Amino acid sequence: MDLLNYFIRGSFLFLQLILIKSIVAQEPVSLASPDQSVQVNIRFENGRLYYQVTKQKEIIIDRSLLGIVMEQDNFSEHLKWVNSSALTRVKETYHTRNAKKSTIAFQANRQTFSVAAASGHRMDIIFSVSDDGVAFRYFFPWVNGSSSTITKELSSFNFIAGTRAWLQPMSQAKTGWEHCHPSYEENYLQDIPVGTVSPLHAGWVYPSLFKYRDNWILISETGLDGNYCGTRLVNDSASTKYSIGFPDPREVFTGGGYLPVNTKPWYTPWRIITMGRLNTIMESTLGTDLAPAPAAPDLSYIKPGKASWSWINSKDDNITYEEQKKYIDYASDMHWQYCLIDVNWDTKIGYEKIRELATYAAQKKVGLILWYNSAGDWNTVQYHPKDLLLTKESREREFQRIHEMGIKGVKIDFFGGDGQSMIQYYIDILQDAARYKLMVNFHGATLPRGWAKTYPQLMSAEAVYGMEMVTFNQDAADAEAKHCSMLPFTRNIFDPMDFTPMNLYKLTHSNSQRKTTSAFELALSVIFLSGIQHYAESPEGMAHVPEYVKDFLRTLPDYWDDIKFIDGYPGNYVVLARRSGHKWYVAGINGENHTRSVNVDLSFLGSRNASLITEGKNGELFDKTELVYSKNNNTKLDMNARGGFIITAE
């Protein structure tokens, strides 16, 4: 009997040790992409959850912490392992006219891992692994009825020593002109060591670009709804680790909060890690793949296109009836679909005269877009119409009024940051605009984070140090070429961007002189993506442009069917090809102050007629030639300093 009792007690202790080991240090669980090239390893250790990411078996993101802290629960430590789900294959095909491709097929392997806090409440961590990257988000199924607030997110990204970074500093809240920051309007720090501290001490904006050996890594988020705040990356110089950071408590809608809050079962936004060679990054659609599908039943009024815009050239004093009529005529002559009327139109022109302009524009097949100031008390900007969008009642009353006038869209400016209540304000505007069939452009705004898929009425958003800055000061003009050569790899990688590009002749009403060539500027019309592209050229400037360039802009597609990355390096140069129907457009820009020769692989064009537009000679803005290219070998092209080119092939 003593021997039997000894055996039972020993077996019981052995089983306890096995159980403790399984709780304290569960064996890693691996989840691979459909093509097996990307793998995430999830490990539960000492009550904490970690992940690691590899590409072709090389570590890209090293052991990194996962977790959430709520007011009532800590889901970052002292956790208990619950279970893991079966692996599922996700396949989706969706259509968009505001992204890199019009038809996008997405597939990934997905698995959920569940842990419990000391309270017994469960947290699910959902991993999605595709051939171009890894994404994860959290789910709290028990939240129902009572308010739940997240005070901290511990998700982190631990890079390998030696990784380099291309990052834009987040500006500090309540700084800048009229206290309107943050608005994602800084230049990028390029090719810096990981661990570099942001010079503005407020973290780094998305998308954040890194390079380790031959692999590029892009960190961003998508699927952001009004229950969460917009986040950023934060780090210190003591390590290679970057973590999720929440906004400044002052980045809120009046009377609202900045922390994530919900009263229903709750998904957080996706944290996305796109990785691979540069062509993988540049052709990836991961930032829209994981965003929710659109819920609006009627999308017929959503029409991408191009717009004339007077303010970039003639500024505030020329928001007049006659000036806007001239820009409507200009848009009509260029076969552009829209004309944007900017600040203070409500007093300088007035509603009744705007109605007249809308009727006049419609006769010329041009739609009007009107500017609004979003601001309550979060900044001191006095431009108007102001405060009309702050409440649902006022917003719907204004949207109904301008919809009945025939207005096609709104440009809304000067938001106050990324707090949860401000993100909800963005969502409220988008939802109400859809009810009144108005397209939307956000300025002085946050990164859209996949919203253009979920809310296809969102045609564009600024969130960039754009062309208007080039008109304000010479430093911005001097940096334009290098800055523009960064944006296709970062800000414009997933989301539409209202840079307001393409000044072909010269800047007017400006304190600066443009340093890029006219061919560089023309190439931006293809390289930059925006649902509605607002061009920074005046009718007077366009009069100096040869007819073949005007014809190019008259027939330039309003959206793209496909993309192909050909060559480039962030901040130095980029060569991209975009397809519309059977026709290809190849555009290149050189961000550097010296001539660059590029060997362009045009074999994908096959046998086609092709033409090349580049810088002119003897004082001419442009030169056009028929292009003879090799279908079997690379074609050598020279890009002038801060210059560019466009190839059309059909």
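The values are calculated or read from the model by the stated rules, or taken from the named source; none is laboratory data. Since the structure is predicted, the reported quantities are computational estimates derived from the model, not experimental observations. When we count neighbours, we look across all protein chains shown, and the Cβ atoms used for this are built from the backbone with ideal geometry, even at glycine.
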Going through region 201-253 in order, the residues found to be within 18 Å of Ile423 (Cα to Cα) and of a type in the set (Ser, Thr, Tyr) are Tyr206, Ser220, Thr222, Tyr228, Thr231
Is there a residue being touching a His at 6+ places or on another chain (Cβ under 9 Å), outside any helix (DSSP H, G or I) and more than 30 Å from Trp216 (Cα to Cα) anywhere in region 266-287? no
Of the residues Thr103, Thr54, Thr112, Thr96, which is out of contact with any Leu (no Cβ under 8 Å at 6 or more places or on another chain) and either outside the structural domain of Trp216 (by TED's automatic domain parsing) or loosely packed, with under 15 Cβ neighbours inside 10 Å (or both)? Thr103
Condition (residue is of a type in the set (Asp, Glu), closer than 29 Å to Arg48 by Cβ and at pLDDT 95 or above) applied to region 138-160: is it met by at least one residue? yes
In region 138-156, which residues are under 28 Å from Gln39 (Cα atoms) and in contact with a Lys or Arg (Cβ under 7 Å, 6 or more places away or on another chain)? Pro141, Ser155, Ser156
Would you check if Arg164 is surrounded by fewer than 22 Cβ atoms within 10 Å (Cβ to Cβ), touching a Lys or Arg at 6+ places or on another chain (Cβ under 9 Å) and among the charged types (D, E, K, R)? yes
Tell me, please, whether a residue that is crowded, with 20+ Cβ neighbours inside 10 Å and farther than 20 Å from Glu468 by Cα can be found in region 322-329. yes
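Starting from residues that are among the aliphatic types (A, V, I, L, M) and farther than 16 Å from Glu398 by Cα, keep the ones in region 344-357 and report whichever is surrounded by the fewest Cβ atoms within 10 Å (Cβ to Cβ).
Ile349
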Just checking, does region 580-592 include any residue being more than 24 Å from Gly531 (Cα to Cα), crowded, with 18+ Cβ neighbours inside 10 Å and hydrophobic (A, V, I, L, M, F, W, C)? no
Between residues in region 444-460 that are farther than 19 Å from His181 by Cβ and residues that are charged (D, E, K, R) and part of a loop (DSSP other than H, G, I, E, B), which pairs lie under 8 Å by C-beta distance while being six or more apart or on different chains? Gly450/Asp495; Trp451/Asp495; Ala452/Asp495; Pro456/Arg97; Ser460/Asp498
Taking the condition of being within 13 Å of Ile402 (Cβ to Cβ) and of a type in the set (Ser, Thr, Tyr), how many residues in region 337-358 meet it? 1
Residues located in region 165-205, provided they are in contact with a helix residue (DSSP H, G or I) (Cβ under 9 Å, 6 or more places away or on another chain) and under 19 Å from Thr274 (Cβ atoms): Trp166, Tyr188, Gln190
Name the pairs whose Cβ atoms lie under 7 Å apart, with the first residue in region 340-369 and farther than 22 Å from Ser538 by Cα and in contact (Cβ under 8 Å) with a residue 12 or more places away in the chain, the second surrounded by fewer than 22 Cβ atoms within 10 Å (Cβ to Cβ) and small (Gly, Ala, Ser), and 6 or more positions between them or separate chains? Thr359/Gly406
Where residues in region 384-425 are free of Cβ contacts under 8 Å to residues at least 40 places away in the same chain and of a type in the set (Ser, Thr, Tyr), which of them is farthest from Trp309 (Cα to Cα)? Thr391
Residue check: is Lys506 surrounded by fewer than 23 Cβ atoms within 10 Å (Cβ to Cβ), farther than 28 Å from Ala135 by Cα and modelled with pLDDT under 95? yes
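Go through the residues of region 414-429 one by one and say whether even a single one is under 29 Å from Asp132 (Cα atoms) and buried (at least 23 other Cβ atoms within 10 Å of the Cβ).
Taking every residue of region 414-429 in turn, at least one turns out to be under 29 Å from Asp132 (Cα atoms) and buried (at least 23 other Cβ atoms within 10 Å of the Cβ).
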Within region 132-161, tally of residues that are crowded, with 18+ Cβ neighbours inside 10 Å and closer than 30 Å to Tyr569 by Cβ: 10
Regarding Tyr383, is this residue surrounded by fewer than 20 Cβ atoms within 10 Å (Cβ to Cβ), touching a His at 6+ places or on another chain (Cβ under 8 Å) and not basic (Lys, Arg)? no
Among the residues of region 390-419, which ones are in contact with a Ser or Thr (Cβ under 9 Å, 6 or more places away or on another chain) and part of a helix (DSSP H, G or I)? Met405
Scanning region 574-627 for residues that are within 26 Å of Met486 (Cα to Cα), charged (D, E, K, R) and not in a strand (DSSP E or B), which turns out nearest to the chain's Cα centre (by Cα)? Glu592
With exposed (fewer than 15 other Cβ atoms within 10 Å of the Cβ), among the hydroxyl-bearing types (Ser, Thr, Tyr), assigned by TED's automatic domain parsing to the domain that holds Ile532 and out of contact with any Ser or Thr (no Cβ under 6 Å at 6 or more places or on another chain) as the only criterion, which of Thr635, Thr625 stands out? Thr625
Which strands (runs of 3 or more DSSP E) does region 74-120 wholly contain that include 2 or more residues that are touching a residue at least 60 places away in the same chain (Cβ under 8 Å) and within 28 Å of Lys303 (Cα to Cα)? 88-95, 103-116
If a residue counts only when it is touching a residue at least 12 places away in the same chain (Cβ under 8 Å) and within 26 Å of the chain's Cα centre (by Cα), which helices (runs of 4 or more DSSP H) contained entirely in region 463-553 have at least 3 such residues? 467-472, 474-484, 518-527
Return the pair list, or none, for Cβ contacts closer than 9 Å from residues in region 141-155 that are aromatic (Phe, Trp, Tyr) to residues that are part of a loop (DSSP other than H, G, I, E, B), at least 6 apart or on different chains. Trp142/Gly120; Trp142/His121; Trp142/Pro265
Residue that is modelled with the lowest pLDDT, among those in region 115-128 that are surrounded by fewer than 19 Cβ atoms within 10 Å (Cβ to Cβ) and among the hydrophobic types (A, V, I, L, M, F, W, C): Ala118
For region 269-326, the count of residues that are touching a strand residue (DSSP E or B) at 6+ places or on another chain (Cβ under 9 Å), of a type in the set (A, V, I, L, M) and more than 24 Å from Gln52 (Cα to Cα) equals 5
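Give the residue that is surrounded by the fewest Cβ atoms within 10 Å (Cβ to Cβ), with candidates limited to residues of region 603-622 that are of a type in the set (A, V, I, L, M, F, W, C) and at pLDDT below 95.
If we take residues in region 603-622 being of a type in the set (A, V, I, L, M, F, W, C) and at pLDDT below 95, then Phe604 is surrounded by the fewest Cβ atoms within 10 Å (Cβ to Cβ).
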